[in-house]
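The values are calculated or read from the model by the stated rules, or taken from the named source; none is laboratory data. If you're wondering where the values come from, they're calculated on a predicted model, not measured in any experiment. Cβ placement follows ideal geometry from the backbone for every residue including glycine, while neighbour counts extend to all protein chains displayed. We work out accessible area using only protein heavy atoms, side chains counted, and drop any ligands, DNA or RNA first. Shrake-Rupley method; radii C 1.70, N 1.55, O 1.52, S 1.80 Å.
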Amino acid sequence: MTYAAALAFLAGLQRFGMKPGLERTAALLERLGRPDRRVGRVVHITGTSGKGSVAAMVEAGLRASGRRVGLFTSPPLERFTERMQLNRAEIAEDEVGRLAAAIAPHAKALSAGGEDSPTEFEVITAMALAWFADQGVDDLVLEAGMGGRFDATTAVERVAATAITNVALDHTRWLGDTHEAIAWDKAGIIRPGVPCVTGTDHPGALAVIERVAREQGAPLIRVTPEDSRVVTTGPDGQVVDLRGARGWYRDVRLSLLGAHQAANAAVALRLLELLDVDEGAIRSGLAEVVWPGRMELVRAPGGRLVLLDGAHNPAKCAALARAVRDVFPGRRVHLLLGVLADKDVERTVAPLLPLAEQIWAVAPESPRALPAEELAGVCAGLGRSARVVPAIAEALPAALAAAGPDDLLVVTGSFYTVGPARRILVRRQVIQALPPA
């Protein structure tokens, strides 16, 4: 099967939507010979915000220690191949075609046998596990797609450590409309006897996670806001103090920007300690980690600074707003904003609007996109006018032309906004990366 045919096969599975349950993924894995049993140590990570960043940090620390590390994340920012990486090298397109050809008959057989057809994400998860098993990875860092209890990634049988970064209100249509309900779903990744790290600080959500951990006999390691401190920050990165089981790690260089990334690093630190990674590798990994589309600073043609961040819920947008104020004090900010219609749009964009001198409303490249005109209406209801240029390819150069030489353009609201903008802008010119300590 060609790469294009593989993508068409997966797109065809979208008609089955999202369905809770692990039975379809487990059935696929059984038909494939349980590749999840052949992938070394598995670190399983979920959370409302920061799960991808923590996954990237853990991968970087493990790789710096000399391990052969697989990384599975979602959604992809620009290319499908980003989902599956080995030592941060993306899977080859012909491998995607081979895996899809191998799994397609099993997916069809399940459906023909009277069972529910597996969904797109369930098939992708099974493909990824088969590929990582073929590659003989020492460790696999596995980011949940959404939630945890019924997420396809939770069909993996053997896990070395888990993490729940935090709990906030997002994906409420599927996970529940309270912190407690969402925490219960995410706590489904906790396995019997397997340590779990959490940065959750919402009292109700934390109580749920603590209860599930007790029921599973799983050690629960809490990371609190007091476990991370920003020492210095700026466009070139930040220096942070992090507290782990071994005590304080002072003056750690962190390439990712924002105080929220320091908090994520504290969670990653505890996971890396559980995996017996030494301090030198932890420091090296955190200094060198790259996570595109998350507080990613690039320089556009002509020299304008652009900050790309996929913040798409109220908590993430509030963290982004704080980070922009901390890292770029005094700069005039322009905002290119595009969100999905199934989000809590008003509460999502509200923290961002006070930052901006000018706001550009666009439509993300997704069938779920909120039309740019409707987004501009939401902004108007919050007291801010927004210029409507629906196509990202047209809005981006217009916003750059309007920005002064010392201004900052922030592109955010959805990965389906950031990804297309990044494809236009980025040619290996990410600039917020400190050298290793």
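Considering only residues in the range 320-342 that are open to solvent by 10 Å² or more (accessible area, probe 1.4 Å) and among the small types (Gly, Ala, Ser), the one that is farthest from ASP236 (Cα to Cα) turns out to be ALA341. Residues in the range 208-229 include at least one that is out of contact with any Phe, Trp or Tyr (no Cβ under 6 Å at 6 or more places or on another chain) and within 29 Å of ASP406 (Cα to Cα). Determine if the range 246-257 includes at least one residue that is at pLDDT below 95 and either of a type in the set (A, V, I, L, M, F, W, C) or in contact with a Pro (Cβ under 7 Å, 6 or more places away or on another chain) (or both). Yes: the range 246-257 contains one or more residues that are at pLDDT below 95 and either of a type in the set (A, V, I, L, M, F, W, C) or in contact with a Pro (Cβ under 7 Å, 6 or more places away or on another chain) (or both). Once the range 344-358 is narrowed to residues that are open to solvent by 10 Å² or more (accessible area, probe 1.4 Å) and assigned to a loop (DSSP other than H, G, I, E, B), the residue that is farthest from LEU382 (Cα to Cα) is ASP344.
Each row is one residue, and each column tells you yes or no for (1) modelled with pLDDT of 90 or more; (2) of a type in the set (Gly, Ala, Ser); (3) assigned to a loop (DSSP other than H, G, I, E, B).
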site: GLY377; (1), (2), (3): yes, yes, no
site: GLY383; (1), (2), (3): yes, yes, yes
site: GLU394; (1), (2), (3): yes, no, no
site: ALA401; (1), (2), (3): yes, yes, no
site: PRO405; (1), (2), (3): yes, no, yes
site: ALA421; (1), (2), (3): yes, yes, no
site: ARG427; (1), (2), (3): no, no, yes
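Screening the range 35-50 for residues that are surrounded by 24 or more Cβ atoms within 10 Å (Cβ to Cβ) and not polar (S, T, N, Q) and picking the one that is nearest to THR200 (Cα to Cα) gives GLY47. Of the residues making up the range 329-343, those that are part of a strand (DSSP E or B) and out of contact with any helix residue (DSSP H, G or I) (no Cβ under 6 Å at 6 or more places or on another chain) are LEU335, LEU337, LEU340.
Residues in the range 14-35 that are basic (Lys, Arg) and either modelled with pLDDT of 95 or more or under 23 Å from ARG98 (Cα atoms) (or both): ARG15, ARG24, ARG31, ARG34.
Considering each of VAL240, VAL231, VAL252 in turn, give the residue that is open to solvent by less than 60 Å² (accessible area, probe 1.4 Å) and more than 20 Å from ASP276 (Cβ to Cβ). Write out each step before concluding.
Details: VAL231 fails: open to solvent by less than 60 Å² (accessible area, probe 1.4 Å); VAL252 fails: more than 20 Å from ASP276 (Cβ to Cβ).
Step by step, each of VAL240, VAL231, VAL252 is checked, and only VAL240 is open to solvent by less than 60 Å² (accessible area, probe 1.4 Å) and more than 20 Å from ASP276 (Cβ to Cβ).
Here the range 269-307 is the region considered, the condition is being of a type in the set (D, E, K, R) and assigned to a helix (DSSP H, G or I), and the residue that is least open to solvent (accessible area, probe 1.4 Å) is GLU273.
Is at least one residue of the range 318-328 touching a residue at least 60 places away in the same chain (Cβ under 8 Å), over 29 Å from GLY303 (Cβ atoms) and either of a type in the set (Phe, Trp, Tyr) or outside any loop (DSSP other than H, G, I, E, B) (or both)? No; the residues of the range 318-328 include none that is touching a residue at least 60 places away in the same chain (Cβ under 8 Å), over 29 Å from GLY303 (Cβ atoms) and either of a type in the set (Phe, Trp, Tyr) or outside any loop (DSSP other than H, G, I, E, B) (or both). With respect to (1) modelled with pLDDT under 95; (2) farther than 16 Å from ARG422 by Cβ, the lone exception for ALA311 is condition (2). Taking first residues from the range 95-114 that are farther than 20 Å from LEU22 by Cβ and partners that are aromatic (Phe, Trp, Tyr) and open to solvent by less than 60 Å² (accessible area, probe 1.4 Å), the Cβ contacts under 7 Å between residues at least 6 apart in sequence or on separate chains come to GLU95/TRP131; VAL96/TYR3; VAL96/PHE80; GLY97/TYR3; LEU99/TRP131; ALA100/PHE9; ALA104/PHE9. For the range 156-238, which strands (runs of 3 or more DSSP E) that fit wholly inside it have 3 or more residues that are within 22 Å of ASP344 (Cα to Cα) and touching a residue at least 60 places away in the same chain (Cβ under 8 Å)? Here the list is empty.
Can you tell me which residues in the range 407-419 are open to solvent by less than 10 Å² (accessible area, probe 1.4 Å) and part of a helix (DSSP H, G or I)? Steps first, please.
Residues of the range 407-419 open to solvent by less than 10 Å² (accessible area, probe 1.4 Å): 408-414, 417-419.
Passing the criteria: THR417, VAL418, GLY419.
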